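Every number here is computed from the coordinates shown, using simple stated rules; none is lab data. Quantities reported herein were computed from a predicted structural model and do not represent experimental measurements. A quick note on method: Cβ atoms are made from the backbone with ideal geometry, for glycine too, and the neighbour counts reach across all protein chains shown.
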C-alpha cells in the first residue's frame with residue numbers, strides 16, 4: 001500500500017471536521033473524494049499534506065508515519081498538492097514557479113553558487129529544462145517567461161499542477177482541479193490527469209463535477225459531515241442510497 | 001462635471017494641501033501657499049497627461065524596459081558602471097570622494113537589507129544593529145587586541161553573522177508587524193547596550209584611535225585609496241548577492257515572500273531559509289560596519305540610532321523592493337541628495353517622509369520594479 005489512513009480525526013474545538021476516517025490506496029490509482037460543502041474534504045487534504053495535525057489517528061505513506069511531520073518534509077517524502085484557492089508565487093515568472101518546486105533536488109550549495117562553478121551552471125540549466133518540460137506537458141510553454149499572476153484562471157490551475165508535478169511526487173493531491181473551468185477545459189483536464197497516472201503517479205482529487213468524477217476515478221470516497229459514508233467503484237457509489245440521501249436529502253413519502 | 005474629474009481635483013487638492021501643511025512651520029505661510037499652488041497644478045497636469053497617454057506607472061515601466069534593452073549584456077553593463085567608478089579619484093576632489101565612500105557603505109547596507117526585506121519579505125526596523133555590531137567588533141578587535149584590518153574584518157563579519165543568526169532564531173517565530181516590532185526593539189537594545197557598557201565600549205564617548213587599513217604595506221588611509229577599498233567590496237557584494245539571488249536560495253526566499261504556505265508545500269524549509277536570509281544580510285551589514293569604523297577611525301553609539309535604520313529602509317523602498325539596481329540608485333540618491341542640497345539639509349527627514357509618501361501614491365513598487373529570481 002502506498003498510503004494508509006488509519007482512523008484519522010480532526011476536531012476544531014467542538015466541531016468534528018473529520019471523524020474516524022480509514023482508507024488505503026494502491027499505487028497508480030485515481031481516488032476521488034466527494035461530498036457536499038463542509039464535508040471535511042479539504043481538511044482531510046490538509047492532514048495528508050502536513051498543514052494540519054490530525055487530532056487522532058495515523059497516516060502512513062510508503063512505510064513512514066507522516067501524521068506528525070511538517071509540510072515541507074512530507075513534500076520531500078513524495079506527496080505534492082495543489083490548492084483550492086490557487087496559491088501561485090504571483091511575483092515570479094511562470095517557469096520560476098516550476099523551478100521553485102525542484103528546490104529539494106538541487107545539490108549545489110552556497111560556494112558553487114557564488115563561484116558560478118560549472119556544476120552549478122549545468123545543474124541550473126537542467127532545472128530550467130525540466131521546468132520547461134513540465135510546462136510543455138500542461139501546454140504552458142509559450143507563457144514560460146510571463147508573470148504567473150498575469151495568467152488567465154484556467155492556465156493558473158494548470159500551472160499549479162505543473163508545479164506540483166515538478167517536485168516529483170509519488171502521490172499528487174488535486175483540490176478541485178476543474179473548478180471554474182469551461183466544459184472544453186474540463187475535458188482537457190481529465191485527459192491531463194489520465195496522462196499523469198500513466199507517468200506512474202497516484203492521484204487523489206477533490207471534485208464537485210460529477211461527470212468528471214465518474215469519468216475518471218478508479219475509486220470514490222464519499223464524505224458527509226466529516227464521516228466516510230461510502231467507498232467503492234464509481235457505479236457502486238452512484239447507486240448507494242446513503243450517498244443519494246447526502247446529496248439530495250431523504251425521501252419523505 | 002463627472003465624478004472622475006471631481007475625484008482628480010479632490011486627490012490633487014488633498015495631496016498638495018498635506019505637503020503644504022508639512023512645510024508651513026518651517027517656511028511660513030507664503031512659501032507654503034506657493035508650494036500648494038505649484039503642487040496642485042503639477043498634480044493636475046500629471047493626471048491629465050497620463051489620461052491622454054496611458055498611465056504614468058505603466059509608462060515608467062516601459063521606460064525601464066527600454067533602458068534594460070539598451071544594455072547589451074550583463075558583463076558589459078557591469079564594465080560600463082565600473083569604468084567611471086574606477087577612474088573617479090583621478091578627477092574628483094576629496095569632498096566628492098568622501099560622499100562616494102559614504103555612498104558605497106550605504107549601498108552595501110541597503111543591498112543587505114534588501115535581501116531580508118525585499119527578497120524574503122521580513123520587515124526589519126532595527127537593521128542598524130548589525131551595522132553597529134560589525135563596527136564595534138572591528139573597533140574593539142583593533143584597539144584592544146591590536147588586530148589589523150584584514151584579520152579584524154573577517155572576524156567581525158563572522159561575529160555579526162552569528163549575532164544575526166542568534167537573534168533571528170527565536171524572533172522568526174513571529175510574522176509581519178510583530179516581527180518588525182521585535183527587530184525595532186533589537187536595534188534599540190544594541191544601541192543602548194553600547195551606550196551604557198562603559199567598561200567595554202567606553203559608552204557615549206565612543207572608541208577612537210582605530211587604525212587605518214593597510215594593503216601589502218601601503219596605507220589605505222588617503223581617501224582615494226580607501227575609495228578603492230570600498231569600491232572593491234561594493235562590487236563584491238553586488239556580484240555575490242546577484243548570484244545567490246539567481247539560485248535555488250534566492251528562489252526559495254522569493255517563494256517565501258510570495259506565499260509561505262505554497263513554499264512549504266513545495267518542500268522549502270521556511271525557518272531555515274529565513275535564517276539564511278537574516279544571517280546573509282547581517283554578514284554584509286557587518287562588513288559595512290567594519291568599513292565605516294575603518295574610515296571614521298572613531299565610532300560612537302550616536303551613529304547607530306533608529307533614524308539610521310529608517311534611512312536604510314528608505315533607500316530600499318525608494319529604489320524598489322527586491323531590485324538590486326534600484327537599491328543602489330536609492331542609496332546613492334539618499335546619501336548624495338542632502339549633500340548636494342546643503343541648504344535644505346535640516347529638512348532631510350521631512351523631505352524623505354514626503355517623498356516616500358508621494359512615491360507610495362504614484363509608484364508603490366519603487367523607482368525600479370524588482371525582477372523575480374533567476375532571470376539569467
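Averaged over the residues of peptide B:271-279, the number of Cβ atoms from other protein chains lying within 10 Å of each residue's Cβ is 1. Which shape class applies to the stretch B:257-320: rounded if a/c is under 1.5, otherwise prolate when a/b exceeds b/c and oblate if not, where a ≥ b ≥ c are the square roots of the Cα gyration tensor eigenvalues? It is prolate, given that a/c is not under 1.5 and a/b is the larger ratio. Here is how the number arises for chain A: DSSP H runs of 4 or more residues each give -39500 (n - 2.57), the sum is divided by the residue count, and the result at 222 nm is -11500 deg cm²/dmol.
Shielding value for B:254-262 is 6, the average number of Cβ atoms from other chains within 10 Å of each residue's Cβ. For chain B, the longest principal axis of the C-alpha atoms and the axis of helix B:348-362 are separated by about 50°.
When the Cα atoms of the stretch A:186-253 are aligned to their principal axes, the ranges along those axes come out at 48, 21, 19 Å in descending order. Cβ-to-Cβ counts within 10 Å put A:32, A:126 in ascending order as A:126, A:32, the fewest first. Highest-first packing order for the peptide set A:194-201, B:320-327, B:178-185 is B:320-327, B:178-185, A:194-201, based on the mean count of other beta carbon atoms within 10 Å. Across all Cα atoms of the stretch A:1-72, the radius of gyration (one decimal) and Dmax (whole number) stand at 11.9, 37 Å.
Radius of gyration (Cα atoms) of the stretch B:73-362, expressed as a multiple of 2.2 N^0.38 Å: 0.98.
Can you check what the Kirkwood hydrodynamic radius comes to for the stretch B:248-368, Cα pairs only, in Å to one decimal? When all Cα pairs of the stretch B:248-368 are included, the Kirkwood radius is 16.6 Å. Over chain A, what relative contact order in percent results from Cα pairs under 8 Å that are six or more residues apart? Contact order relative to length: 27 percent. Helix content alone sets the calculated 222 nm mean residue ellipticity of chain B: runs of n ≥ 4 DSSP H residues at -39500 (n - 2.57) each, divided across all residues, give -25500 deg cm²/dmol.
Remark on the stretch A:10-50: Rg and Dmax equal 11.5, 37 Å (Cα only). Peptide A:81-91 has a mean of 4 when you count, residue by residue, the C-beta atoms of other protein chains within 10 Å of its C-beta. Size check on the stretch A:98-204: the Cα extents along the three principal axes, sorted descending, read 50, 30, 18 Å. Centre-to-centre separation between the Cα atoms of the stretch A:214-253 and those of the stretch B:83-100: 78 Å. Just the number, please: Stokes-Einstein D of the stretch A:59-140 in µm²/s, Kirkwood Rh from C-alpha pairs, 10 °C, 1.306 mPa s. Value of D from the Cα-based Kirkwood radius: 106 µm²/s. For the stretch B:175-305, the relative contact order is 38 percent, taking Cα pairs closer than 8 Å that sit 6 or more residues apart in sequence and dividing their mean separation by the residue count.
Cα centroid separation, the stretch B:237-311 to the stretch B:10-51: 38 Å. Cβ crowding within 10 Å, taken as a proxy for footprinting-reagent exposure, orders A:33, B:37 from fewest neighbours to most as B:37, A:33. With no solvent and one point per C-alpha, what does the Debye sum give as log10 I(q)/I(0) for the stretch A:28-103 at q = 0.15, 0.23 Å⁻¹? For the stretch A:28-103, the Cα-only Debye profile gives -0.65, -1.20. Each residue in A:153, A:134, B:228 was given a count of other beta-carbon atoms within 10 angstrom of its own, and listing them fewest first yields A:153, B:228, A:134. Here, chain A has an Rg and a Dmax of 19.3, 78 Å when only alpha carbons are counted. Between helix A:183-198 and chain A there is an angle of about 80 degrees, using the helix long axis and the longest principal axis of the Cα atoms. Across the stretch B:1-54, Cα-Cα pairs more than 18 Å apart make up 37 percent of the total. Taking every pair of alpha-carbon atoms in the stretch A:1-151, give the share separated by more than 20 Å as a whole percent. Counting every Cα pair in the stretch A:1-151, those more than 20 Å apart make up 61 percent.
Shape class for the stretch B:138-206: oblate, because the ratio a/c of the largest to smallest gyration tensor axis (alpha-carbon atoms, square roots of eigenvalues) is 1.5 or more and b/c is at least a/b.
Shown for the protein assembly as shown is the translational diffusion coefficient from the Stokes-Einstein equation, using the Kirkwood radius over Cα pairs, a temperature of 20 °C and a viscosity of 1.002 mPa s: 77 µm²/s. With an 8 Å cut-off on Cα pairs and a minimum separation of 6 or more residues, tell me the relative contact order of chain B in percent. About 26 percent, as a whole number.
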